[in-house]
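Report on the structure given below.
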């Protein structure tokens, strides 16, 4: 089974689908060939989707999140980020295979599934929304958080079981800590890890897609 991972970055989603049994082609306009675990293709994601999307058994897309992310909305300072979600959604709707559209809290996705690191025993919270089509799915239970995210906020230091995997501020954790918290061990690129999603998320979704495809 072949899956297409669009806007793939360093391949957090890619690795999860590989773990679920898919062969994954990973597409991004930036060169991530040195650390993406899939079959990396450097191209414009939506142009590639238009031309090749029909060739795949399933398609995942994670459009850039700066237009929606609560962490950047307050610091954009006049910069405008293009919202690629509507165009991506329209293109995915033309396919009759399982499709997955993923983005951050604050985005305008349907919340068919909301995943959190605590559901998978990870050291991050990292809530993400998933808009899912053309396959049956079941989200895991949203487990109560065990405490706070570690780090400095408003001049006060908080300790807790989770890491803040973004930025370079005090208490954010080392690269090895980030790798362990996210379940991402194939790259030590701090920015790439910060922009990724934990592979456990797409492994959970991918396993359900694989079951559906094998049964039909």
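The values are calculated or read from the model by the stated rules, or taken from the named source; none is laboratory data. In this text the structure is predicted, and so the values were computed from the model without any measurement. Positions of Cβ are generated from backbone atoms using ideal geometry, with glycine treated the same way; all protein chains shown enter the neighbour counts.
If you go through the range 19-36 and keep only what is under 17 Å from residue 203 (Cα atoms), buried (at least 20 other Cβ atoms within 10 Å of the Cβ) and in contact (Cβ under 8 Å) with a residue 24 or more places away in the chain, you end up with 20, 22, 25, 36. Scanning the range 21-38 for residues that are touching a helix residue (DSSP H, G or I) at 6+ places or on another chain (Cβ under 8 Å) and farther than 21 Å from residue 209 by Cβ yields 28, 29, 32, 35.
Here's the yes/no breakdown for (1) more than 18 Å from the chain's Cα centre (by Cα); (2) more than 21 Å from residue 166 (Cα to Cα); (3) touching a residue at least 12 places away in the same chain (Cβ under 8 Å); (4) assigned to a helix (DSSP H, G or I):
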residue	(1), (2), (3), (4)
86	no, yes, no, yes
90	yes, yes, no, yes
94	yes, yes, yes, no
97	yes, yes, yes, no
102	no, no, yes, no
106	no, no, yes, no
109	no, yes, yes, no
114	no, no, yes, no
118	no, no, yes, yes
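Filtering the range 12-26 for residues that are in a loop (DSSP other than H, G, I, E, B), at pLDDT 95 or above, under 13 Å from the mean Cα position of the chain (by Cα) and on the phi > 0 side of the Ramachandran plot leaves an empty set. Considering the conditions (1) touching a helix residue (DSSP H, G or I) at 6+ places or on another chain (Cβ under 6 Å); (2) touching a residue at least 12 places away in the same chain (Cβ under 8 Å); (3) surrounded by fewer than 15 Cβ atoms within 10 Å (Cβ to Cβ), residue 185 is excluded by exactly one of them, (2). Based on this model, can you work out whether residue 30 counts as touching a strand residue (DSSP E or B) at 6+ places or on another chain (Cβ under 8 Å), at pLDDT 95 or above and farther than 17 Å from residue 100 by Cβ? Yes. The set of residues in the range 140-155 being under 19 Å from residue 204 (Cα atoms) and surrounded by 10 or more Cβ atoms within 10 Å (Cβ to Cβ) consists of 140, 142, 143.
Restricting attention to the range 37-59, and to residues there that are without any contact (Cβ under 8 Å) to a residue 24 or more places away in the chain and under 28 Å from residue 216 (Cα atoms), which single residue is surrounded by the fewest Cβ atoms within 10 Å (Cβ to Cβ)? Taking the candidates together, the pick is 51. Scanning the range 111-139 for residues that are on the phi < 0 side of the Ramachandran plot and exposed (fewer than 13 other Cβ atoms within 10 Å of the Cβ) turns up 111, 136, 138.
Among strands (runs of 3 or more DSSP E) entirely within the range 124-174, having at least 1 residues that are touching a strand residue (DSSP E or B) at 6+ places or on another chain (Cβ under 7 Å) and modelled with pLDDT under 95 singles out 151-153, 156-158.
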